[in-house]
Every structure is written in C-alpha cells, then in structure tokens.
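Asks: Quick one: the structure is below, and I'll ask about it shortly.
Quick note: the coordinates plus some simple rules give every number you see, no bench work behind them. Bear in mind the structure is a predicted one, so any value in this text is a computation, not a measurement. Don't worry about glycine lacking a Cβ; one is built from the backbone with ideal geometry, like all the others, and counts go over all protein chains shown.
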Amino acid sequence: MFFGSSYSKFAQYLIGTALIALAYFAALYLNSLPLFSWAEFDNYRFVFFFPAGVKLALILMFGWQALPGIALALGTALLTKFEGIVPYAALGYGVALACSAHLAVQACSQVTGKRFPWQGLRPVELLAMVAAVSVLDAVVQQCALILLTLETVENFVTDTLLSAFGRASGALCVFGGLAFARKSLHRALH
C-alpha cells in the first residue's frame, strides 16, 4: 500500500514540526512588534522575552521532537532580522539554541527525578528549570552571535545577564498565564 504506516508517521512528524515552527516563529515575531518595544533593553534583549516560555513549554510537551521546529523557527527569525547571514549559519544558530534549552531541561530532569508528563513538578523545580534554561540559552545565544559577528565580546557578561533575565521573566509570565488558564478552565468544567 502506498500510504503505509511509515509514510503516515513521517507525514505526521513533518506536519508536527511545521506547526511547532509556526507557533514558535509567531511567538518570536509577536515579541518583536512595536507593541513590546517598551520592553526592549537594547538590541533584541527584552525585559519580558515571552518566546522563552513558549519554547520551554514546547520542549516540556514534546521533548526532543520539538527541537527541529524550534531550530527552524529560530533560524528563520535570524534570517529575517539580519542581512548577510547564510542559511546554514542561521540553522546552526537555531539548532544550538534549541539544543541548549533541551539540555537544560534534561539536566533538571536528572536532578529532580521528574520526567514527562511532568506530574508532581513543584513550583520551585519549575523555577529552577526556568533559571537553568534561561541562563544556558543566554550564554549559547551570546556565543553564537559572537561567532556570527553580530555581537562583540566586550559586553558578553552584561548582554548575557540581560538576556537571561528577559528569558526568565518571559517564561514565568507564560507559565503564569498557562496556570491561570488551566485553573479557569478547570473551574468552568467542574
């Protein structure tokens, strides 16, 4: 049969990857709109970087399977923001940032002993996970931007700290919103 199960699983994977890429790219795009310009420290570093929370939520929901979509969205976003970036370098940037977040989640999983579906994850463990992902992501992003010659080494520490703060505050806002939506939905259904 032409449309066997392996074909349909591959098609599902491609569709899932495309949907994750679209969702994360939309979060990146919305965060860069003038609506959020008040929250920008400088040079694409935000007080509240909401896509960090979206990325962490995607990784918590889909695990490693979210990484190709996230990497594709990050690479595409980099290509749209900066001229002269070659596509393979943009994709490498996306892969590095997607993998750094996943590695931080895996490290926290080893420390807490919690795994998917993340039941029993205490608020302090979620805070630690947000902090770990935010810091590792910020360091990897700064290193990648330096390698791409889009940033310089002079302000590495300051830029990394600003980026980590924005990622953590954005992720906490996203997870706070998700918790509120879950609680409201639970109340409405019961």
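Asks: With contacts defined as alpha carbon pairs under 8 Å and 6 or more residues apart, what's the relative contact order of the range 5-189 in percent?
Replies: Relative CO of the range 5-189 lands at 28 percent.
Asks: Which ordering of 129, 61 is given by a fewest-first count of other beta-carbon atoms within 10 Å? Could the numbers behind the result be given before it?
Replies: Values: 129 26, 61 13.
Fewest-to-most ranking of 129, 61: 61, 129.
Asks: Taking 0.36 nm per residue of separation and subtracting the Cα-Cα distance, what length does fully extending residue 181 through residue 115 add? Kindly include the intermediate steps, with their values, before the conclusion.
Replies: Numbers: separation 66, 0.36 × 66 = 23.76 nm, distance 2.27 nm.
In short, 21.5 nm is gained.
Asks: Put +1 on the Cβ of each Lys and Arg and -1 on the Cβ of each Asp and Glu in the chain; which of 11, 173, 97 then has its Cα farthest toward the positive end of the dipole?
Replies: 11
Asks: Across every pair of different alpha-carbon atoms, what Kirkwood hydrodynamic radius in Å does the range 94-176 reach? Write down the numbers at each step before the final one.
Replies: Details: mean 1/r = 0.0744 Å⁻¹.
One decimal place: 13.4 Å for the Kirkwood radius.
Asks: Checking understanding here: applying a Kyte-Doolittle mean of at least 1.0 and a length along the axis of at least 30 Å (C-alpha), which whole DSSP H helices in the chain pass?
Replies: 123-147
Asks: Just add up the charged neighbours of residue 105: K/R +1, D/E -1, any other residue whose Cβ is under 12 Å from the Cβ of residue 105.
Replies: In short, +1.
Asks: Roughly how far apart, in whole Å, are the Cα centres of the range 104-159 and the range 14-34?
Replies: The two parts, judged by their Cα centres, are 20 Å apart.
Asks: Then there is this: Taking 0.36 nm per intervening residue step and subtracting the Cα-Cα distance, what contour gain separates residue 188 from residue 124 on full extension? All intermediate terms of the calculation are to be shown ahead of the outcome.
Replies: Working: separation 64, 0.36 × 64 = 23.04 nm, distance 2.74 nm.
Full extension of this stretch gives 20.3 nm more.
Asks: Tell me what the chain gives for mean residue ellipticity at 222 nm when only DSSP H runs of n ≥ 4 count, each as -39,500 (n - 2.57), the sum divided by the residue total, rounded to 500 deg cm²/dmol. If you can, show how the numbers build up before the last one.
Replies: Values: 6 runs with 140 residues, N = 190.
Mean residue ellipticity at 222 nm (helix-derived): -26000 deg cm²/dmol.
Asks: Dividing the alpha-carbon Rg of the chain by 2.2 N^0.38 Å yields what?
Replies: On the way: Rg = 17.4 Å, N = 190, 2.2 N^0.38 = 16.2 Å.
Output field value: 1.08.
Asks: Follow-up. Using r as the Cβ-Cβ distance of residue 8 and residue 83, and R0 as 41 Å, what FRET efficiency do you calculate, to the nearest 0.05? Don't skip to the end; give the middle numbers.
Replies: Values: r = 40 Å, r/R0 = 0.98.
Between residue 8 and residue 83 the formula returns 0.55.
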